[in-house]
Amino acid sequence: MAFGGFDQHKTAGHTVAEINMIPLIDVMLVLLVIFMITAPMMTHAVKIDLPQANSQPQTPLPVEPVNLSIDNGGQLFWNQEAVSREQLRQKLAQLSSRPDSAELHVRADKGVAYHIVAETLADATQAGVSRIGFVSEPESSKP
């Protein structure tokens, strides 16, 4: 790809009218490699589809559910009666041994620490309670 030959007389005043494509191709390939490396990093690795807080009235159950409430301070309430964690474990064991298998409705304050809710759910699972539901308030419609 030489611009001239060995003969000095023929090319003395001759200009080259074509574009050298090699540097343009090199730049294009470098950009392609950069985009191939950075494009997977731009997508989120964990995709989570969070549920909407749209509460619908529940149809009446054949057995009255048990309400387990957790206030902002982490205090546990079994049907509006304050209980300790050990008492909660005993009540959960009694609930799982009942033949009618009532549901456990968990009402946790939005300010309560996550580990308290997780420990409570672990206690329910260890006791054998399999029907657990979370209760939320419907979103207030903004005018």
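All of the numbers you see were taken from the coordinates with simple rules; none came from a lab. In this text, all values refer to a predicted model and were calculated from it rather than measured experimentally. Cβ coordinates were reconstructed from backbone atoms using ideal geometry, including for glycine residues, and neighbour counts include every protein chain displayed.
Sparsely packed loop sites in region 77-131 (the trypsin sites (Lys or Arg not before Pro) outside DSSP H, G, I, E and B with at most 10 other Cβ atoms within 10 Å) comprise 110. Which percent, nearest 5, of DSSP beta bridges in region 66-134 are antiparallel? DSSP beta bridges in region 66-134 are roughly 45 percent antiparallel.
Counting Lys and Arg as +1 and Asp and Glu as -1 over every other residue whose Cβ lies under 13 Å from the Cβ of residue 77, the net charge comes to 0. Loop-located GluC sites (Glu not before Pro) across region 84-143 with a Cβ neighbour count of 15 or fewer within 10 Å are 139, with loop assigned by DSSP. Above 19 Å, the calculated P(r) of region 66-134 contains 22 percent of its Cα-Cα pairs. Residues whose amide H lies under 5 Å from that of residue 106, counting only those 5 or more places away or on a different chain, are 68, 133, 134, 135; hydrogens are built 1.01 Å from N in the peptide plane.
Taking the number of Cβ atoms within 10 Å of each Cβ as an exposure proxy, the fewest-first ranking of 120, 125, 38, 15 is 15, 38, 125, 120.
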